[in-house]
1. Give me a count of the residues in segment A:147-175 that are surrounded by 21 or more Cβ atoms within 10 Å (Cβ to Cβ), away from every other protein chain (no Cβ under 14 Å) and within 16 Å of ligand 1 (Cβ to nearest atom).
2. Tell me which residues, restricted to segment A:35-57, are open to solvent by 40 Å² or more (accessible area, probe 1.4 Å) and within 7 Å of ligand 1 (Cβ to nearest atom).
3. I need the full set of residues from segment A:51-83 which are more than 9 Å from every other protein chain (Cβ to nearest Cβ), outside any strand (DSSP E or B) and among the small types (Gly, Ala, Ser), in order please.
4. From the residues in segment B:259-316 that are of a type in the set (Val, Ile, Thr) and facing another protein chain (nearest Cβ under 9 Å), which one is farthest from B:GLU397 (Cα to Cα)?
5. Which pairs do you get when a residue that is within 11 Å of B:ILE239 (Cα to Cα), found in segment B:284-311, comes within reach of a residue that is crowded, with 18+ Cβ neighbours inside 10 Å and of a type in the set (Asp, Glu), reach meaning Cβ atoms under 9 angstrom, with the pair 6+ apart or on two chains?
6. Within segment A:110-117, is there a residue that is among the charged types (D, E, K, R), away from every other protein chain (no Cβ under 12 Å), open to solvent by 40 Å² or more (accessible area, probe 1.4 Å) and not in a loop (DSSP other than H, G, I, E, B)?
7. Counting just the residues of segment A:84-106 that are in a helix (DSSP H, G or I) and in contact with a Gly (Cβ under 8 Å, 6 or more places away or on another chain), which one comes out nearest to the other protein chains (Cβ to nearest Cβ)?
8. Could you say which residue among A:ALA10, A:ALA4 is open to solvent by less than 10 Å² (accessible area, probe 1.4 Å) and among the small types (Gly, Ala, Ser)?
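The values are calculated or read from the model by the stated rules, or taken from the named source; none is laboratory data. Just so we're clear, the structure is a prediction, and the values are computed from it rather than from any experiment. Cβ: placed from backbone, ideal geometry, glycine included. Neighbour counts: every protein chain shown. Each accessible area value is taken on the protein alone, full model and side chains, heavy atoms only, with ligands, DNA and RNA left out. Shrake-Rupley method; radii C 1.70, N 1.55, O 1.52, S 1.80 Å.
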Amino acid sequence: MIRARDLRKAYAKIQAVDGVSLELVAGETFGLLGPNGAGKTTTIYMLIGALRPDDGEVAINGSTDPTRPDVRRQIGVAPQVEALYDELSAVENLSFFGRLYSLSGDRLKQRVSWCLGLAGLAARAGDRVKTYSGGMKRRLNLACALVHDPPVLLLDEPTAGVDPQSRNHLLDSIEELARAGRTILYTTHYMEEAGRLCDRVAIMDQGKILAVDTVDELLRKHGGDSMLEAELGQIPEGVSLPAPLEGNMLRFASDQPFEDANRLRNAGVQFVRFHVDRPSLESVFLNLTGRRLRD
Amino acid sequence: MLTLTVKDLLLLWRNKAALVWVIVFPLAFGLTYGAVIAGNAGRRAKLGIALVDEDQSPASKALAARLAQHQSVRFVTSLADGQPFDGESAAQQVRRGDLTAYLVLRPSFGESLRSFGQGGKKIELGIDPSRQAEAGFLQGIVMEATFAVLADQFTNPEEIRKWLKVGRQEIEHARELTETQKQILLEFFALVDDLVPQLVGDISPGEEGPFGGLKLDVVPVTYDLQPRSAFEITFPCSILWAVLSCMLTFTMSIVTEQKQGTLLRLRVAPLGKMHILGGKGLACFLSCFGTACILLLLGVTCLGVRVSSWPYMLISITAMAVCFSGLMMLLSVLGRTEQAVVGSAMAIMLVMATLGGGLVPLIAMPDWMLAMSHICPAKWGVLALEGAIWRGFNLAEMLLPWGILLSVGVLSFGVGAWILSRRAF
Ligand SMILES: Nc1ncnc2c1ncn2[C@@H]1O[C@H](COP(=O)(O)OP(=O)(O)O)[C@@H](O)[C@H]1O
Ligand SMILES: [Mg+2]
């Protein structure tokens, strides 16, 4: 559906995107996870033809020219900034963007009200955008990418800086869109979001993609071991523990924490409490770059 | 493209602050400025001049009487307390700015008039240095009156004979002339003396005599249609302000759209970039045109502004709208941040308004400023409007400002659009 090969883009001194290749198959939700400045936005700009790559190639649905009108009709973009007209209402914004995609009449009305419903803005549809809260603007920003009902969505940090409630609403909406079969490229620097939404995730840093895979595979390959922490009761003689006891606390790393815990229990070790820290995308990033995701 | 234009116009309509700048401010400007000019017109009609007649001869009295007839001069001969002026107190009044000028006719002014100003300065004209605009004008009318008095005397045979006598005496006493020269001149004078009755003959004094050619005719430059009200003078400036404000508003809207990201949405929509830029340009054009028309209608219906040619007026407004829509595009690429663009656009707008006569009337501009105003499209815009209001331009005269406006507009739109599309697309 979307294919990029070896995209490169440099601003004056910074190599913002440094050889990015990715491929999205139809219907999948693909996450681009990386810290601020990783080059996610720049990559999206090149994918939609808003920025000419210094090098490399983009193909969308087989067409290598993303500026072609018929290609553009298939793509919906929600920019990282709230790209809305503050002086217009939600309905007016949606209608305007709809008309740009040559929607009109009943079809336009129908799409606009669908979008308002998705964004949960039906009650405030006639108010000017400048009177909206940050979360409402974010939801409308997403909705404006959907008026023309595109099969492909490029969402650039759609939840940046919103309250938890709006975030949940947004994530629910995106899950719904994904279920409806849309192909979604989702950039974020929140690993929980990538983990929750995305079929596959690309880890991006300093203009390069470091790893691409399903979340589970990434965790398995790069996440490292889980940490098991347990408070033990009675320990029978002769049972060897995987790590020395600290008081009655046992702490050790393992790639199979539950199997290990089970084996100890079968040997007669009593667990008062136990707690497993599974590896996260955060630790994947840490292992790949040596840095934390949010510095 | 129409969708884009409608959206921009709607945004302008919703933006109350911009509306104020686009309509209310220019209107207020035209009204107050017009009122100021209208108020001034009465006062400015008469320049206060202190007259000191130290000669008290028939000639000096004739000159004073002549000057007093002039419609733009008001003579004052005495101080407020009734004390007549002398040279010094008159100069004092001018220095204080109470009067514009003083005129001293020295003793023997009448005599010197006969001898073509021999015997030193007999007329002293002192003018307030801050009234340079009027200085030349005053010198002109004093000269004119002096020559008129002189000419009057030439139509009177007695006066001519007196004058010839004085002339002959002057020649006889002149040391710098050789004897031969003196002889020739004296013979010439004798000849003229004989001819005088024939020359002047039955011409009664005051009519154009053969020496009437001495009269300096100062003909004021008039137009077939002179501005009837002060608002006719200020309305082109109001329209200029309105159009400049539109230009600034749209310049800002381009930068805002860039910053807000809505331009990105436009760019990823299935539109050509020329559609996007054209939509902006069209919206700017329409609002320039619309506000100009609104102001014009207000002027015509409420303030008695007469338009001498409606077709020319419409073309002028169109040309102006084209010009400033083009400049809008050029201005929008001046900087990358909102502040930079707005700042420089503001500065340019002020310069344009100034050079176009929006702040300093063209009449009060120093030469270098006038010269600069020739390269300022705002000036041509105002000229095009005036041409259709009260200057009564004919087609050929209108073509120059129209041509300049249109070509500036098209050119700057092209350059601006080119830079913008290279930068942002
Ligand atoms: N217009 C620009 N001019 C110069 N540098 C830019 C521009 N846009 C982005 N950059 C730089 O390119 C790098 C990648 O930016 P971006 O793609 O926005 O990252 P992300 O979206 O992942 O936060 C950053 O270092 C940023 O400073
Ligand atoms: Mg970004």
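1. The number of residues fulfilling the criteria is 1.
2. The answer is A:ASN36, A:GLY37.
3. A:GLY62 - this is the single residue of segment A:51-83 that is more than 9 Å from every other protein chain (Cβ to nearest Cβ), outside any strand (DSSP E or B) and among the small types (Gly, Ala, Ser).
4. Only one residue fits best here, namely B:VAL268.
5. From segment B:284-311, the pairs are B:GLY299/B:GLU232.
6. No, segment A:110-117 contains no residue that is among the charged types (D, E, K, R), away from every other protein chain (no Cβ under 12 Å), open to solvent by 40 Å² or more (accessible area, probe 1.4 Å) and not in a loop (DSSP other than H, G, I, E, B).
7. Here the residue is A:VAL91.
8. None of the other options fit; the residue is A:ALA4.
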